[in-house]
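Note sheet for the following structure.
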Amino acid sequence: MLGEQHRRKEFYDFLHAVVNEPDFPIRVNDIVIEAGNSRFQPILDRYIRGDNVPITELRKIWQDTTMVAVWDSPLYRDFLASVRELNARLPVARRLRVLAGDPPIDWASVKNKDDFQRFADRDRSYATVVEREVLTKGRRALLIVGGIHVIRRASTETEGKHPGVADLLNVRHPGLAYSVYTLERPLNEITSCYPSLTIVSGTVGSLSFGKLVPKSVRIQRIVNGKPEWVEPKEEDWPVIREKLDALLDLGPTMTEIPETPDVLPDKKYLVELHRRAKILTDFFGFDLESDLPPIPK
């Protein structure tokens, strides 16, 4: 399980290098992505095996997910294209399959937050795809999913309402999911060239997981009988080795690649994104619309 940093160029440079290693198709059968609606798996299969798929069909994979506009960065389209190109050079028996892990949402049928409810458990949808298409078939996969989804619940932590992908897989398949978390900032204890992979044992594994948590993260606590969002302290977290298996350090540079210019003038698409964002804002209770580009006059 490789914890992705959404829209980060350095992460996808690393990912391209990994997938194009000569041994990769020997060791791995499938790549499971968060950035794809599982309802469109047949389209994704056709594209990855080399069929001619119109872009109007192909972009449904990443545009019609439960996320709003996140996957419009060209990094995701380009990664799928690179796997397709790799498959064209491989013998049939070694060709990779790319699996979409996001819930099979049909936005045409989602009018309000109650309609969205049945598609809200993104972690369970992703874990179900991994179990059905990879584990039960005896295959091996690289799982690409946001960093928060690869983090396990430590034995000292109370069970949350919504277990992540790592927890869901470990419950039924203990030890099969290996969690690699990509650092947002380098740890002082790790000094090496980039990229570097550090197994969380010894000194590093004994550090507080709070050292890895982005400064913007807040946790909900009950204060005077009411829920409040507070900034956690390092001592509030368990040690790193209880939550992860390894750390990936890509260096201090983080380059975000936004959506391509051709997406923004598409008024019909932007209107639909704002409609979805309003539904999600109502469902989650925080604003998801203000970050979207405005609808053109």
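Every read-out reported here was derived from the displayed coordinates using simple, explicitly stated rules and does not represent laboratory data. Note that the structure is a prediction, hence the values are computed from the model and not measured. FYI the Cβ positions are ideal-geometry reconstructions off the backbone, even for glycines, and counts take in every protein chain you see.
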Subject >> Extension gain, residue 90 back to residue 203 (0.36 nm per residue minus Cα-Cα distance, nm) >> reply: 36.5 nm
Original post:
Going by how many other Cβ atoms sit within 10 Å of their own, how do 201, 196 line up, fewest first?
Top reply: 201, 196
**OP:** Would you mind telling me which residue in 35, 17, 246 has the biggest mean-square fluctuation in a Gaussian network model of the chain, where springs connect alpha carbons within a distance under 10 angstrom?
**Re:** 17
Subject >> Burial ordering of 56, 65, 198, 136, fewest other beta-carbon atoms within 10 Å first >> reply: 56, 136, 198, 65
Subject >> Cβ-derived FRET efficiency at R0 45 Å, residue 295 paired with residue 219, nearest 0.05 >> reply: 0.85
**OP:** Give me 62, 237, 229, 107 ranked fewest to most by other Cβ atoms within 10 Å of their Cβ, as a rough exposure proxy.
**Re:** 229, 107, 237, 62
Subject >> Karplus-derived HN-Hα couplings along the range 235-249 (A = 6.51, B = -1.76, C = 1.60, θ = phi - 60°), whole Hz, x at Gly and Pro >> reply: 6, 6, 9, x, 6, 4, 5, 7, 10, 9, 9, 7, 10, 10, 10
**OP:** Jot down the radius of gyration and Dmax of the chain, Cα atoms only, both in angstrom.
**Re:** 19.6, 64
Original post:
Which value, in debye to the nearest 20, gives the size of the charge dipole of the chain about its Cα centre, when Lys and Arg are +1 and Asp and Glu are -1 at the Cβ?
Top reply: 660
**OP:** Using a Förster distance of 22 angstrom, determine the FRET efficiency expected from the C-beta separation of residue 229 and residue 157, and round it to 0.05.
**Re:** 0.75
Original post:
Taking amide hydrogens as modeled 1.01 Å from N in the peptide plane, which residues meet the under 5 Å criterion relative to residue 266, leaving out close sequence neighbours?
Top reply: none
Original post:
So how compact is the range 143-277: Cα radius of gyration and Dmax in angstrom?
Top reply: 18.3, 54
Original post:
What list of ³J(HN,Hα) couplings, whole Hz, do you get for the range 208-218 from phi and the Karplus terms 6.51, -1.76, 1.60, once you set θ to phi - 60° and write x for glycine and proline?
Top reply: 5, 4, x, 5, 9, 6, x, 4, 7, 5, 10
